[in-house]
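Everything below concerns the one structure shown next.
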Amino acid sequence: MVNKNNRVKTNSDIELKDRLVAINRVTKVTKGGRTFTFAAIVVVGNEDGIIGYGLGKANEVTAAIAKGVEAAKKNLIQVPVFKGTIPHEQLAKFSGSEILLKPASAGTGVKAGGAMRAVLESAGITDVLAKSKGSSNPHNLVKATIKALSQMRSPITIAENRGITLNQVFNG
């Protein structure tokens, strides 16, 4: 179901919930007047470690959202969620946006803003500290957050790669 790049092969049995991150209205001035189109960035996830994002463009908002959901279902990734949080700190940068994700203790909640919050909650992460540095463009923030989550490694994977037990990973 998951290949080496954390990509998930799409199955129809996965229950995905979609979440709208941002809608952008684009105006094109032509000879006949103004033409409005809409671009919607959407995040889908099963709130258990599988997430994806997509961009949909159409003449109507609902059609743009539907296209975004279909695009998001095509590029799903698996994220390691360990006791409701992320396994380790992670920095990621996409274009002008740079983000920092830190694991948090149980009960902290999702300390993140807008676009990052949508991605983290869709992944099923309940406790995390996040900081956005640089651009606050929702498109770049979503892509940077997905990039950071895709670079995460689970404690089990680290133990297997190092040839040690899971207890040795946490106790040094």
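FYI, it's all coordinate maths here, none of it is from the lab. Everything numeric in this text was worked out from a predicted model, so none of it was measured. Here the Cβ positions follow ideal geometry from the backbone for every residue, glycine too, while neighbour counts run over all protein chains shown.
Based only on other Cβ atoms within 10 Å, what is the fewest-to-most ordering of D48, D18? All intermediate terms of the calculation are to be shown ahead of the outcome.
Working: D48 13, D18 17.
The order, fewest Cβ neighbours first, is D48, D18.
Which of the residue pairs K17/K83; K74/K131; K73/K102; K73/K133; K73/K131; K67/K93 have a Cα-Cα distance greater than 24 Å in the structure shown?
K74/K131; K73/K102; K73/K133; K73/K131; K67/K93
Rg and Dmax of segment 81-171, using alpha carbons, in Å: what are they?
Cα only, segment 81-171: 13.7, 42 Å (Rg, Dmax).
Go ahead and set up a Gaussian network model of the chain, Cα springs under 10 Å, then flag whichever of S95, S150, S122 fluctuates most.
S95
Where does each of R19, R153 land when they are ranked from fewest to most other beta-carbon atoms within 10 angstrom? Can you show the working numbers first?
Working: R19 17, R153 13.
The most exposed by this proxy come first: R153, R19.
Could you check which residue among K73, K57, K17 shows the biggest mean-square fluctuation in a GNM of the chain with a 10 Å Cα cutoff?
Taking springs between Cα atoms under 10 Å, the residue moving most is K17.
What value, in deg cm²/dmol to 500, does the helix sum -39500 (n - 2.57) over DSSP H runs of n ≥ 4 give at 222 nm once divided by the residues of the chain? Display every interim value, and only then the final one.
Numbers: 5 runs with 51 residues, N = 172.
It lands at -9000 deg cm²/dmol.
Just one of (i) 28; (ii) 48; (iii) 36 is percent of Cα pairs over 28 Å apart as worked out from the coordinates here. Which one is it?
(i)
Using 0.36 nm times the number of residues separating A66 and S136, minus their current alpha carbon distance, what extension gain do you get?
Values: separation 70, 0.36 × 70 = 25.20 nm, distance 2.44 nm.
Full extension of this stretch gives 22.8 nm more.
Take K111, K83 and order them by how many other Cβ atoms sit within 10 Å, fewest up front.
Details: K111 15, K83 11.
In order of increasing Cβ crowding within 10 Å: K83, K111.
Connecting C-alpha atoms closer than 10 Å in a GNM of the chain, tell me which of I50, I23, I158 has the biggest fluctuation.
Looking only at I50, I23, I158, the biggest GNM fluctuation is shown by I158.
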